[in-house]
Amino acid sequence: MYQAHGIGYEVYSRKFDERLKVEKKREQDYIQGQMIVANLDRKIHS
């Protein structure tokens with residue numbers, strides 16, 4: 001948890017604001033990854 005997001009699990013579980021930041025970042029990373037996969041898939045099948 002600390003390496004990926006810069007906070008420990010204890011802080012993550014106690015502080016809602018920190019948890020919200022981590023989850024928003026995770027969602028952005030997921031969306032970005034999906035866009036990369038879609039672009040590669042489109043290039044492969046063109």
**Asked** What is the P(r) of the chain, as percent of Cα-Cα pairs per 10 Å bin from 0?
**Response** 26, 34, 20, 15, 4
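Might you report the magnitude of the Cβ-based charge dipole of region 2-44 about its Cα centre, with Lys and Arg at +1 and Asp and Glu at -1, to the nearest 20 debye?
Once rounded to the nearest 20, the dipole reads 80 debye.
All of the numbers you see were taken from the coordinates with simple rules; none came from a lab. Worth saying up front: this structure is predicted, and the values here are computed from it rather than measured. We place every Cβ from the backbone using ideal geometry, glycine too, and count neighbours over all the protein chains shown.
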